[in-house]
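Handing you this structure, nothing more for now.
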Amino acid sequence: MSAAAGRLSLWLLLAPFLLWMLLLVIVPHLQMLWVSLHVRETWDTSVWGLAQYQAFFSESYYWRTFMRTGVMSLLTTALTLVVAFPVAWYIARLARGRNKGLLFAACLIPFWASELVRTYGWMILLRESGLVSSWLQYLGLAAGPVEMLYNDIAVMTGLVYNGLLFMVVPLVTTLDGLDESIVEAGYDLGGSSTTVMRQVVIPWAMPGITSGCIVVFMLTLGSYLTPVLMGGKDSAWFTEQIFTQFITRFNWEQGAALGVLLLVLSSVMVWLGLRLSGQSFRRVMG
């Protein structure tokens, strides 16, 4: 095959991905930025301006919700990592043969249903007449029905559950490649379990940890259904503000500005995560 034919084959293979990135990622975000920089004077006329961004900083509810969403997304990501790491460790290092596949499938099966169905499942469990409330009453731990929905704990429970698989998969992939002799050498040199975990296992798993945290954080930050359904009308999640501007108020300019700010926040947090972990984007995503 000639060099020209090889380059043509490469471009043909890359064409679907490049078109997807251009038409479904780059162009919509540029269009959203363009809309956010317009100020509507009448229903069919607008001028360039930064009024939408000024409204964000002048209206405390916007930036308070913005900060709250970012902080809760970070907490959710940390909790997801704490829950997922032992699961991934057991699957990658302790499970053998058929059990490894069965355990991985057990993590995967809940995600055959949509996020909406999974969220409603949690709502059925946690509602006042749900299974958890009934168990608490049966065990004598509650005198009456207990409402566990419509609070931050319920929201974070749903978000951790929805992000669990996206943390487990990169962790299993990374931990599965850890040579057992390296772990044994750490113990032979006098290291305790905590020391080996901190100085051997975690540095080895850092690409998987960083990759999982990036994916879970971005999914959590952009989540809409789980915070709204499990947090109720007082969930105060930033994506709800974007939805309100676009769909309820038909204020596309303000909604686009809030969307751009959310994109900036996610990009900055990903950059900080890579810097603090000492990882490169190519290594984490490759």
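The values are calculated or read from the model by the stated rules, or taken from the named source; none is laboratory data. This one's a predicted model, so the numbers in the text were calculated from it and none came from an experiment. Neighbour counts run over all protein chains shown; Cβ positions are idealised from the backbone, glycine included. Only protein heavy atoms, including side chains, enter the accessible area calculation; ligands, DNA and RNA are left aside. Shrake-Rupley method; radii C 1.70, N 1.55, O 1.52, S 1.80 Å.
Look at segment 173-192 and say how many of its residues are in a helix (DSSP H, G or I) and open to solvent by 20 Å² or more (accessible area, probe 1.4 Å).
Of the residues in that region, 9 qualify.
While we're on this one: Given the options 63, 43, 20, name the one that is without any contact (Cβ under 8 Å) to a residue 40 or more places away in the chain, over 29 Å from residue 218 (Cβ atoms) and open to solvent by 40 Å² or more (accessible area, probe 1.4 Å).
Just one listed residue meets the conditions, 43.
Listed residues 228, 216, 260, 270; which is in contact with a helix residue (DSSP H, G or I) (Cβ under 8 Å, 6 or more places away or on another chain), surrounded by 13 or more Cβ atoms within 10 Å (Cβ to Cβ) and more than 27 Å from residue 55 (Cα to Cα)?
Matching residue, one of 228, 216, 260, 270: 216.
Mind listing whichever residues of segment 97-129 are of a type in the set (Phe, Trp, Tyr), surrounded by 17 or more Cβ atoms within 10 Å (Cβ to Cβ) and at pLDDT 85 or above?
Residue satisfying the conditions is 122 alone.
Just to be sure before I move on: is residue 142 open to solvent by less than 80 Å² (accessible area, probe 1.4 Å) and modelled with pLDDT of 85 or more in the structure I sent?
No.
Yes or no, residue by residue, for (1) part of a loop (DSSP other than H, G, I, E, B); (2) in contact (Cβ under 8 Å) with a residue 24 or more places away in the chain; (3) surrounded by 21 or more Cβ atoms within 10 Å (Cβ to Cβ):
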residue	(1), (2), (3)
150	yes, yes, no
159	no, yes, yes
162	no, yes, yes
167	no, yes, yes
202	no, no, no
211	no, yes, yes
